[in-house]
Amino acid sequence: MPHVVRVSKLDLATVLSQPNPHINLRLGAYETSSRNFLKAVSNYTQRAVTEITHRKNNYVSNKGKIAEKSKQLEQETNQCKVKELELMTILGKEQEERKEAESSVAAFLRQLASIKEKCASLDVEIEQRRAIVQNLRRGMYSINKLDPKFIPTSNERERNLLGKHASQISPELAEIERRTQCAIEGIDKDKILIRFTHIDPSDLHREFSFVIDVSGKTYKGESLFLYHSPHINGVYYSVPTTSPFLPNLPIFLDELNESRDIYSFIRQVRQAFEELVTHGR
């Protein structure tokens with residue numbers, strides 16, 4: 001800290017009473033104080049200039065970094081815009097493809113509906129033709145019976161015997177189906193449809209079914225749902241279809257073709273349907 005010179009109070013009367021009046025201006029102390037002041041001002045100026053220069057350099061450096069970062073962000077923004085245009089183009093193509101696919105699906109659905117209608121009409125026509133054929137056969141049989149020389153053939157006798165036997169056991173069969181909630185019927189040559197109900201607690205009338213083919217020696221059909229298991233004697237059971245799908249059906253079918261126990265197989269299939277319902281499928 002610079003030394004401060006304190007000047008005593010000037011007594012003018014005392015100075016004038018002296019033989020040689022003289023006032024000590026203390027020029028040395030003044031010059032020293034002036035030099036110290038100028039030096040302090042110079043130091044302050046140098047520090048200020050240094051600080052200003054330092055701030056200027058920092059500003060220039062930060063400005064360069066900000067400019068470089070702005071340039072980089074602008075480049076990234078341009079790249080994103082290019083990618084956005086590409087994605088918009090791809091999205092437009094996908095939307096066009098989707099519209100084409102939807103129109104194709106709609107066309108196929110219309111074709112499918114038309115085919116189903118044709119199939120339904122053909123089924124009705126087939127049933128009508130079958131009814132006509134049956135009526136003609138019964139009519140011919142009735143006409144032949146009026147002929148005193150008419151003698152029933154063995155096939156007709158067997159048919160009459162089977163019809164009589166079927167009419168006798170029909171009530172028992174209906175009661176068994178009601179108690180077991182299982183219906184068995186022939187749907188084609190060597191094919192049996194087995195239907196179950198009262199498996200799904202939420203819908204007791206929902207049907208679970210499968211078709212078993214007992215034709216034996218030859219592999220028939222190319223359905224995706226056709227399971228078959230060869231037997232050592234060349235005769236096997238096969239299941240052309242199930243509703244709903246059973247993943248473990250091939251295992252049951254192998255066991256059936258080994259054991260030949262059709263009743264156990266039917267019980268296994270019903271239990272498998274119950275497990276499907278339990279697992280929410």
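Values quoted throughout were computed directly from the atomic coordinates according to the rules given, and no laboratory measurement underlies them. Predicted, not measured: the structure shown is a model, and the values here were computed from it. Positions of Cβ are generated from backbone atoms using ideal geometry, with glycine treated the same way; all protein chains shown enter the neighbour counts.
Points to keep in mind about this one:
- Pairwise label distance in nanometres, Gln46 with Asn58, each label 7 Å out on the Cα-Cβ vector: 2.2 nm
- Segment Ser264-Leu16, length gained on full extension (0.36 nm per residue, minus Cα span): 74.4 nm
- Working note: Cα gyration tensor of segment 29-121, eigenvalues times five, square-rooted, sorted largest first, giving semi-axes of 87, 11, 5 Å.
- Gained length - Gln168 relative to Leu122, 0.36 nm times residue gap less alpha-carbon distance: 13.2 nm
- Segment Lys39-Leu112, extension gain: residue separation times 0.36 nm, minus the distance between their alpha carbons: 15.8 nm
- Sites Ser243 and Glu86, calculated FRET efficiency, Cβ-Cβ separation with R0 45 Å, nearest 0.05: 0.40
- FRET efficiency, 1/(1 + (r/R0)^6) with R0 41 Å, evaluated for Ser103 and Ser215 via beta carbons: 0.40
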